[in-house]
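See structure below.
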Amino acid sequence: MNIDGTLPAPPHLLATNGGEVPEYTKLMGEAREQALDRMGEEARALGANAVINTRFQTSMVMTGAAELLAYGTAVVLAD
């Protein structure tokens, strides 16, 4: 509920009118950080100490739901 007691516009209406949906932006940012963390953990498990050529990909899974992928090449850099 807004400060003035009115209900906020549903996110899908804001999106269709070109407005940013702050909650969705925050959620995607958190998903990006989680994907990077997982990629780093997997690289370390493989014995790598760096990931190069990192890419992000998003896709809509269903209406109102998206996935975010992070991928790259795990490498061992010389000390």
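Worth pointing out:
Residue-by-condition table, conditions (1) among the charged types (D, E, K, R); (2) outside any strand (DSSP E or B):
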residue	(1), (2)
24	no, yes
27	no, yes
34	no, yes
44	yes, yes
47	no, yes
55	yes, no
60	no, no
67	yes, no
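- Counting the residues of the stretch 11-22 that are in a helix (DSSP H, G or I) and at pLDDT 65 or above gives 1.
- Options 45, 35, 65; residue that is modelled with pLDDT of 90 or more, of a type outside the set (D, E, K, R) and exposed (fewer than 11 other Cβ atoms within 10 Å of the Cβ): 45
- Tally of residues being farther than 30 Å from residue 79 by Cα and of a type in the set (D, E, K, R) across the stretch 21-59: 3
The values are calculated or read from the model by the stated rules, or taken from the named source; none is laboratory data. No experiment lies behind these values; they were computed from the predicted model shown. In this analysis, Cβ positions are derived from the backbone assuming ideal geometry, glycine residues included, and neighbour counts consider all displayed protein chains.
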